[in-house]
Each structure stands twice: as structure tokens, then as C-alpha cells.
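Some notes on the structure that comes next.
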Amino acid sequence: MARLRSRIDELAKIGPTPAGGSCRLALTDEDRQGRDLVCRWMNDLGMTVTVDAIGNVFGVWNCADGLPVMTGSHIDTVRTGGIYDGNYGVLAGLEVIEACQLAGITPKRPLAVGVFTDEEGARFAPDMLGSLVYVGGMSVEEALDVVGIDGARLGDELSRIGYAGMTPCPGIAPHAFVELHIEQGPLLEAQQQRLGAVTGVQGISWQEVTITGQSNHAGTTPMSLRKDPVAAAADLAVFVHDLAHRYGGNQVCTVGKLDVHPNLVNVVAARAQLTLDVRNTDESLLQKAEAEIASHFAVLGQSYGVKIDTKRLARFEPVQFNDDVIDLVETICTDIDNATIRMPSGAGHDAQMLARVCPTAMIFVPSKDGISHNPAEHTDDADLENGANALLRTMLALADHDFKENQ
Ligand code: GLV
Ligand code: MN
Ligand code: MN
């Protein structure tokens, strides 16, 4: 645990934020420094390190022949990130390799650790972009042309930080994939559980909505003549909030980003731009929510006299993980700590992309107070250690495991 703890803390020193979190937006200088550090650790462990055309980094411990059992996650963060999201999964992967090497354990297949580009999607949408390209869900060309929230082109930033690699995408399908991650939600803690065998990931729909009105003087423009995009944006935010409450279950809706132009006290705005993040574990309910929101755009246009344009940023259907791998994870986690449950993931993860090409599941450990995407994100060392042990045992078991035809 001391090694894992010190690696987490060392990586957290890159892009530190005042409240003790991390800011390593994808393909920034901080992301490059984080990658450099992880690559150095991979090299120190004698792993073969490669970088693919979208900047995903893979360290492989070639301890045997055959397709690797892969783990991994991401080290990019949201701007107000904690120090565990993604980083924990990558660094626990390195810990698995080091622990095996020190114990003289030789797994039956190679073990690989992946560091996927731009999992967060907070700078370049969609999220899970690197793993999506890895599995062939998006072409490299299309991904390189994505423009970020700061106007930068992804391909330019990738080259600038020196991580436009040589290995082609799509990449090889591993023998199996298992990702260890903090839960980022409240369920494990609320139910006094210590480990989660993750059964799948909910569907996600991201849109950018641009509402255009008529900019004018705040004092002289009668209310009846206004075309106020901020009022329409506020209406939309409340509409999706109420929709999620009305649907209940796993439905969640978020307006996480709102920009107003020109953003001045005495000017009716010209434009408001906001993002919609809509998720559900049930694809038909997710589609129903999307349809209701689309109808509401028409209502807003009428009520506020504004024009609404939408841009799709991400759309992924719910993913169900592989039953064999879920069972394996659950058995191992239960053996480590009986306080283990099966659960879906509320957050998006690279594992949901890898699930398209190989048997996949995930392991969760508790998040204190269910807080994540926030510097206060915290998981106790004992839980981090539990998770790393579960990852080690799962990877070794997967290295021993032959999947049947139907995968
Ligand atoms: C990724 O972290 C997401 O679920 O937004
Ligand atoms: Mn993550
Ligand atoms: Mn995240």
C-alpha cells in the first residue's frame, strides 16, 4: 500500500489545485507531465511502453505469450478534479505488476496497463475518446479534428505534448479488461459496503445548446419586447432538473456549463450556451427523456422568442459487462471482504468502450460522502488497498481463464 499511496501522491503533485485536488485537463502540459511520470514508472518496471495514434499509452509486462489481460483507466482530470478519479486505476495497475514481480508470480498471460487519452471529455468531447478510438468506435482522423472548449484542435495538442504515437488504432483486443475505480457516488458508503462488482455503465447523452436572443439595453427594453436567452437557459435547466425528479430511478440530468454573452449587468444577453448531460441505465427511458427535452426546445423558442441550436457532444448507450468477469470479480471481492455488492456505474469509464471488444468488468471502492469531480474526493487507504488486491487477484484469475465462444 505504501508504494501505491506514494505514487498517487506523486502524480497528484502535477497540476495541484489549492483545495488539494488535481487539474490535468486532457493534452495540456500537466497531462504531458503526468504521462511522462507514469511512463517512467512503467519503464522502471521493465514494461514495454507504446503510444498509439490517439495518444493512449500502454505498458505491457511480457511475462508470458498471448493476448494480455489489461487493466487501466485515465490520468486526465476535470478542471476541479480529485486525485483518485482514473489515477487510482492506472497506478493500482502498476502496483499489480510490481507486486507480482516482487512475489515471483508469473501470470499465464502478459499483463497490460492502459492510460487512455481524454477520458473526461471535459476539454475535448466526447468523453472516453481515447478508448473509443482504441476499439474502433471513432476514427483517428475524426478524433484528431475535435475542437476543445478553448478552441484548440485535439491533434495539434496531442502532437504538441509529444504523445501522437505510432501504434495504429483500432488496437488489439485484449484477452480481457478489468478497470478499478473509485465509485464516485454514495451507494457503497450508504450501504456500508466495501467493494462493488460493477455490472455495467449507464447510457449517456451530451448536447451543447446555443440559445440566441436579442441583445439590448437592460433598462430600456420592455419585458414584452425581450428575447432573453438567459431566461430561456434558466427555464431549460429547471425543466431537465424536474424531468429527472419526475422520472426517478436512475435518471439524472445536469446543466454543468453555462456561458453567457456578453455577460454584463446591464445588457440583455445576446447568447447563452449550456451543456446538457442526461443519463439513464435504461436506453428506452434515456430516449424518452431526450425526446421530451427536444420538444421543450420548441416551447422555449415560442415562449422567449429565441433561436435554439444543438450540437451532439456524446451519445453512448448503456453497457452491460461480461457475466463471467462480473462473477469472477464478485467472488474475489467477496472473499476479500464480505461487504461486496453488485452495482451499476453512474459515471462513464474506459471499460465501457473496452467491453465492445473483449470480456470486461469493473471493481469499485467507496468514495467518501459520494463526492467526486471535486478536490474533496477521498477514499480511505484501507479501501484503496482492498481494491488493489481485488484487481491483482482478478487479473491473475483472468490470465488463467479461457472464455467460451460466445464472447
Ligand atoms: C466521466 O468521468 C463522466 O462520467 O462524466
Ligand atoms: Mn474516471
Ligand atoms: Mn471523471
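The values are calculated or read from the model by the stated rules, or taken from the named source; none is laboratory data. The structure displayed is predicted, hence computed values, not measured ones. Neighbour counts run over all protein chains shown; Cβ positions are idealised from the backbone, glycine included. Accessible surface areas use protein heavy atoms only, side chains included; no ligands, DNA or RNA. Shrake-Rupley method; radii C 1.70, N 1.55, O 1.52, S 1.80 Å.
Here's the yes/no breakdown for (1) part of a helix (DSSP H, G or I); (2) surrounded by fewer than 24 Cβ atoms within 10 Å (Cβ to Cβ); (3) away from ligand 1 (no atom under 15 Å from the Cβ):
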{"site": "A64", "(1), (2), (3)": "no, yes, yes"}
{"site": "L91", "(1), (2), (3)": "yes, no, yes"}
{"site": "Q101", "(1), (2), (3)": "yes, yes, yes"}
{"site": "T117", "(1), (2), (3)": "no, no, no"}
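List pairs: first in the stretch 66-77 and open to solvent by less than 10 Å² (accessible area, probe 1.4 Å), second of a type in the set (V, I, T) and within 16 Å of ligand 3 (Cβ to nearest atom), Cβ under 7 Å, 6+ apart or cross-chain?
Final answer for the pair search is G72/V90; G72/V115; S73/V90; H74/V115; I75/V90; I75/V115.
What is the one condition in (1) more than 25 Å from K404 (Cβ to Cβ); (2) touching a residue at least 12 places away in the same chain (Cβ under 8 Å); (3) over 17 Å from the mean Cα position of the chain (by Cα) that A347 does not satisfy?
(3)
What residue, among those in the stretch 198-245 that are free of Cβ contacts under 8 Å to residues at least 60 places away in the same chain and not in a helix (DSSP H, G or I), is farthest from G348 (Cα to Cα)?
T220
Looking at F364, is it within 30 Å of V147 (Cα to Cα), open to solvent by less than 50 Å² (accessible area, probe 1.4 Å) and touching a Ser or Thr at 6+ places or on another chain (Cβ under 8 Å)?
So F364 fails the test.
Condition check: over 20 Å from T77 (Cα atoms), at pLDDT 95 or above and crowded, with 18+ Cβ neighbours inside 10 Å. Does L384 satisfy that?
So L384 does not fit the description; no.
If I ask for residues that are open to solvent by 50 Å² or more (accessible area, probe 1.4 Å) and either at pLDDT below 95 or closer than 21 Å to G348 by Cα (or both), which ones from the stretch 167-187 would you list?
Result: P170, P186, L187.
Would it be correct to say that M1 is under 18 Å from E95 (Cβ atoms), open to solvent by 20 Å² or more (accessible area, probe 1.4 Å), of a type outside the set (S, T, Y) and in contact (Cβ under 8 Å) with a residue 60 or more places away in the chain?
yes
Inspect the stretch 140-149 for any residue being in a strand (DSSP E or B), at negative phi and either without any contact (Cβ under 8 Å) to a residue 40 or more places away in the chain or open to solvent by less than 10 Å² (accessible area, probe 1.4 Å) (or both) and give the result as yes or no.
Yes, the stretch 140-149 contains at least one residue that is in a strand (DSSP E or B), at negative phi and either without any contact (Cβ under 8 Å) to a residue 40 or more places away in the chain or open to solvent by less than 10 Å² (accessible area, probe 1.4 Å) (or both).
Only one of (1) within 14 Å of ligand 2 (Cβ to nearest atom); (2) over 29 Å from D381 (Cα atoms) fails for V147. Which number is that?
Result: V147 passes all but (1).
Among the residues of the stretch 321-344, is there at least one that is at positive phi, open to solvent by less than 50 Å² (accessible area, probe 1.4 Å) and in contact with a Lys or Arg (Cβ under 8 Å, 6 or more places away or on another chain)?
No, because not a single residue in the stretch 321-344 is at positive phi, open to solvent by less than 50 Å² (accessible area, probe 1.4 Å) and in contact with a Lys or Arg (Cβ under 8 Å, 6 or more places away or on another chain).
Examine the stretch 81-96 for a residue that is touching a Lys or Arg at 6+ places or on another chain (Cβ under 8 Å), under 30 Å from G256 (Cβ atoms) and modelled with pLDDT of 95 or more, and state whether such a residue exists.
yes
Among the residues in the stretch 267-287, are any open to solvent by 50 Å² or more (accessible area, probe 1.4 Å), part of a helix (DSSP H, G or I) and of a type outside the set (S, T, Y)?
Yes - at least one qualifying residue is present in the stretch 267-287.
Do any helices (runs of 4 or more DSSP H) lying entirely in the stretch 316-407 carry at least 2 residues that are of a type in the set (S, T, Y), and which ones are they?
323-336
Could you tell me whether any residue of the stretch 49-59 is closer than 25 Å to D381 by Cβ, assigned to a loop (DSSP other than H, G, I, E, B) and either open to solvent by 20 Å² or more (accessible area, probe 1.4 Å) or within 13 Å of ligand 2 (Cβ to nearest atom) (or both)?
no
Out of all the residues in the stretch 16-45, which are aliphatic (A, V, I, L, M) and open to solvent by less than 10 Å² (accessible area, probe 1.4 Å)?
A26, L27, V38, M42 - these are the residues of the stretch 16-45 that are aliphatic (A, V, I, L, M) and open to solvent by less than 10 Å² (accessible area, probe 1.4 Å).
Inspect the stretch 193-204 for any residue being within 16 Å of ligand 1 (Cβ to nearest atom), basic (K, R) and modelled with pLDDT of 95 or more and give the result as yes or no.
No, the stretch 193-204 contains no residue that is within 16 Å of ligand 1 (Cβ to nearest atom), basic (K, R) and modelled with pLDDT of 95 or more.
Is it the case that R109 is under 23 Å from G185 (Cα atoms), open to solvent by 20 Å² or more (accessible area, probe 1.4 Å) and part of a loop (DSSP other than H, G, I, E, B)?
Considered against the rule, which asks whether it is under 23 Å from G185 (Cα atoms), open to solvent by 20 Å² or more (accessible area, probe 1.4 Å) and part of a loop (DSSP other than H, G, I, E, B), R109 comes out as no.
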